[in-house]
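Worksheet: one structure, shown below.
Taken together, the values in this text are just the output of simple stated rules run on the coordinates, not laboratory data. The structure displayed is predicted, hence computed values, not measured ones. Please note: Cβ atoms are built from the backbone with ideal geometry, for glycine as well, and neighbour counts cover all protein chains shown.
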Amino acid sequence: MEINWIVKILFLLACFIGSAFFSGSEVALFSLDRKKIKEIYHNSPLIQEYLTRLLDFPRRLLVTILIGNTAINVAASIIAVSISFEIVKTFGFAVNIVLTLQIIILTFLILLFSEITPKVWASKNPIIFARLIAVPMYWVNVVIFPLSESVTEAIKFFVSKIRIDRTKSAIKPEEVKELANLGLEKGTIEDEEHELIHSIVGFISLTVSEIMTPRVDMIALSAESNFNDVISEITKTGRSRIPIYKDDLDDIVGIIYAKDLLPYFKNYELRKNLSLVKIARKPIFVPRTKMINDLLHEFQEKKMHIAIVVDEYGGTAGLVSLEDIIEEIIGEIRDEYDKEDNAITYLGEDKFLILGSTALAQIKEELGINLYSDESEFDTIAGFVLNFTGQIPKEDYTFEFDGHKFIVKEVLNKRIKKILVEKRAGVQA
């Protein structure tokens, strides 16, 4: 009798150890960075190979772990019930009381020694734990493969039949930002990664109208222009793609690529008879409201880098390029042709020189000055000034709004280029 008890208790302890093995393995293996496995285990090629093979099929690995853990816990329950009946026979205790105590004690022991403890230890030491379990877990995975593969395929089949409303289950952009902020606070991500996540989240909700070059800033040429006109414009502006129009900017007929002009340099007759319309590439026309992530996919599909933005009346509203989209994710891309004008220049004593094209959102974020109103139909400080004054102001025109002083410093071709802003005291960004 005593030997029988000892054997059962030893088997029960083995079940606890086995369950701890699977529980800890789940945490350790899935917290490893696959890209760094070779670097971490460079002195252990066998461990490196086994871990790589395991993580090549993460779904199958997870199923193997769950099958193993479930089987061992069921075995532990059977052994515990057997021990309970031995206690009832030996000591004459009531069956109900013994079984109830057995369930409580077994649950507590499994949670403490086979779930919580190994998972906590594995989460703190994933590299060490993974090294310890790599070989046995690999062979367990091989042995259970037929069963785990069958279960995996069954799961795929049933999941494919379930209709999931992804709009309700999808994580919201605000939640992604909160997670990024938390990661930055905890030190799990760097500043650059934090900024990139925020840029990508913002990117998803942006429309073409928010990043386009407005019509008044577009560089375009008449379709009647000659070869020298085009080369001169390309040289002066540094643009490699220039829209061409027939009568006016509302009649864009194509995009001239600088590289398409190369064959004409050596042949005067070709240059002389050059027709821009014939060599121009067909333009893409997109509405102002198109989401820029959709436009990015369209650029990829059509292998284009530039699109003409049209308003609700079919007129040209502006131009948007692949570079504009990329800059929304990674920040400003400057080349030798870009001017180094800052949108907001600090002049000291709460004075700032601001470009007219600066977004009100940027001014609010950096200076703490809110120029929005409930009926705002403008996005830039130039639009705000025009709306407030009701006219195109002359240079040095001065007015006040919400205690802040605004001075129009530069007007060019009926466009407000620069505004000097003096913040009222006490306003913080």
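Residue exposure proxy: 264, 372, ordered by other Cβ atoms within 10 angstrom of their Cβ from fewest to most, comes out as 372, 264.
As a proxy for reagent exposure, 121, 5 were ordered by neighbouring Cβ count within 10 angstrom, fewest first; the result is 5, 121. Straight Cα distances below 18 angstrom link residue 124 to the aspartates and glutamates 26, 33, 115, with same-chain residues fewer than 8 positions distant left out.
Straight-distance candidates among the aspartates and glutamates for linking to residue 236, with alpha-carbon spacing under 17 Å and chain neighbours fewer than 8 residues away dropped: 217, 335, 336, 338, 340. For region 49-110, chymotrypsin sites (Phe, Trp or Tyr not before Pro) are listed when DSSP marks them as loop and at most 10 other Cβ atoms sit within 10 Å of their Cβ; the list is empty. Considering only alpha-carbon pairs that sit under 8 angstrom and 6 or more positions apart, the relative contact order computed for the chain is 10 percent. Loop only per DSSP, at most 15 neighbouring Cβ atoms within 10 Å: give me the GluC sites (Glu not before Pro) in region 233-337, ordered by residue number. Answer in residue order: 312, 332, 336.
The alpha-carbon of residue 89 sits under 29 angstrom from the alpha-carbons of these lysines, leaving out residues fewer than 8 places away in its chain: 8.
Footprinting exposure proxy ranking of 346, 138, fewest other C-beta atoms within 10 angstrom first, gives 346, 138.
To the nearest ten degrees, helix 58-91 and the longest principal axis of the Cα atoms of the chain are 30 degrees apart. Too long at a 27 Å Cα-Cα cut-off: which of 351/394; 177/423; 38/119; 38/303? Pairs exceeding 27 Å: 177/423; 38/303. If you line up the long axis of helix 191-204 against the longest principal axis of the chain, both from Cα atoms, how many degrees apart are they, to the nearest 10? Tilt of helix 191-204: around 70 degrees. Among the listed values [x] 9; [y] 16; [z] 46, the one computed from these coordinates for percent of Cα pairs over 43 Å apart is [z].
Rounded to the nearest 20 debye, the dipole magnitude of the chain is 1700 debye, with +1 charges on Lys and Arg beta carbons, -1 on Asp and Glu beta carbons, and the Cα centre as origin.
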